[in-house]
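The values are calculated or read from the model by the stated rules, or taken from the named source; none is laboratory data. All values derive from a computational prediction rather than experimental measurement. Reconstructed Cβ throughout: ideal geometry from the backbone, glycine too, with neighbour counts over all protein chains shown.
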């Protein structure tokens, strides 16, 4: 089975970080959500999200409900097995 390390930016309008945490926490481990400074013309917030998961699709599908995903980086690691 593979474990994926996801790192991406999520741009949201009026969504608290706790809402995002609660939505994705159950689908992975080592979740980090870091608010980023944004330009003055943006009304929303950019969050840098890092998480380890077995299913990247569910993370992206869940986050897409809150806003726009950009700057995606995915690393794959094989775990266990001979």
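Could you please give the count of residues in the stretch 17-27 that are more than 10 Å from residue 62 (Cβ to Cβ) and buried (at least 17 other Cβ atoms within 10 Å of the Cβ)?
The qualifying residues number 0.
Could you pull out the residue among 59, 49, 69 that is at pLDDT 95 or above, part of a helix (DSSP H, G or I) and within 10 Å of the chain's Cα centre (by Cα)?
None of the others qualify; the one that does is 59.
Considering every residue within the stretch 16-29, establish whether at least one is within 30 Å of residue 78 (Cα to Cα), in contact (Cβ under 8 Å) with a residue 12 or more places away in the chain and part of a strand (DSSP E or B).
yes
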